[in-house]
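Following: one structure in structure tokens, then a few remarks.
Any read-out appearing in this document is the output of simple, stated calculations on the displayed coordinates, not a laboratory observation. In this text, all values refer to a predicted model and were calculated from it rather than measured experimentally. Quick reminder, even Gly has a Cβ in these numbers, built from the backbone with ideal geometry, and neighbours come from all protein chains shown.
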Amino acid sequence: MKRRKFLGLGLSAVAFSTVASANILKEHPQAFDAKSIEEAIKGLYGTSETLNDGKAKLKAPDIAENGAAVPVTVSTTLENPKTMVITVDGNPHPLVAAWEVQPGTIPKFSTRIKMRKTANVTLIVEDENGKLHSVTKQVKVTVGGCGG
Amino acid sequence: MGIKAIAKVKKSIATVKLLVKHPMEPGAIAGGKKPTKYINHMTVKHGDKLVFDMYPTSAIAKNPYIKFAFKGAKKGDMITVEWFDNTGASEKKDIKLK
């Protein structure tokens, strides 16, 4: 009886997580418009508690001459990450980009981001159990690149 | 608009570099006057299998560059890249892995 109940719980948890990760923009639009990192992360995951345990990896320059295109590479040593999110605390909207990673996809992405000024770039990786892992790096920006 | 790609397979791992032509204009978000126009969803499939979804914002640099990799690929396989922006524009492209 107990086993059956446990399996049932497991199934409903799987079903729920599939729905939740179907489209994080549609599910959590407010996180993308958030004005602070805490608000953005809470908006996405319901908690802003992250582990700084070295499992999230972020490659970014120490100094960026052009804030309009700062190269960053995000990756993780976690086995089955579900989502990866880049934030920049000096931008009007700190949430820069989010990825939903599928099994078989190597959890490593490179892109170029905009930074208005010298700020902290943070990568948050959600593992298969929903725990959040983070890493932060300060990038000095000589010429800001957020202007319209 | 336009999607350029370099997509290569080595030992069943595909490495793809994408360059998408798009203004990624933050407009009022960054205090500007131009209309806000940025890609807010990009999806990549390998055949029918989803590789990843990316949700960019206007803080991704103009003409977005994205590099990624996935397992289980072979030369000649097709991937599909599709993006959507906040104004309803979209573009889809099939790319052959070399």
#### Entry: Spin-label pair B:Lys11/B:Asp48, simplified geometry with 7 Å Cα→Cβ offset, distance in nm
3.1
### Message
Apply the Karplus curve 6.51 cos²θ - 1.76 cosθ + 1.60, θ = phi - 60°, to the phi angles in the range B:83-98 and return the couplings in whole Hz, x for Gly and Pro.
### Response
10, 9, 10, 5, 9, x, 6, 7, 8, 9, 9, 9, 10, 8, 7, 9
### Summary
Sorted largest first, the Cα spans of chain B on the principal axes come out in Å as 48, 19, 18
### Query
Using r as the Cβ-Cβ distance of A:Glu128 and B:Glu82, and R0 as 41 Å, what FRET efficiency do you calculate, to the nearest 0.05?
0.95
#### Entry: Residues with amide H under 5 Å from that of A:Val121, placed H, sequence gap 5 or more
A:Lys137, A:Gln138, A:Val139
### Task
Considering the options B:Val44, B:Pro26, B:Ser12, tell which one lies farthest towards the positive end of the dipole of the range B:2-96, charges being +1 on Lys and Arg and -1 on Asp and Glu at the Cβ, about the Cα centre.
B:Ser12
### Summary
With +1 on the Cβ of every Lys and Arg and -1 on the Cβ of every Asp and Glu, the dipole magnitude of the range B:2-96 about its Cα centre, in debye rounded to the nearest 20, is 560
### Summary
Under 5 Å from the placed amide H of A:His93, counting only residues 5+ away or on other chains, we find none
#### Entry: Estimated dipole of the protein assembly as shown in Debye, rounded to 20 [Cβ of Lys and Arg +1, of Asp and Glu -1, Cα centre]
920
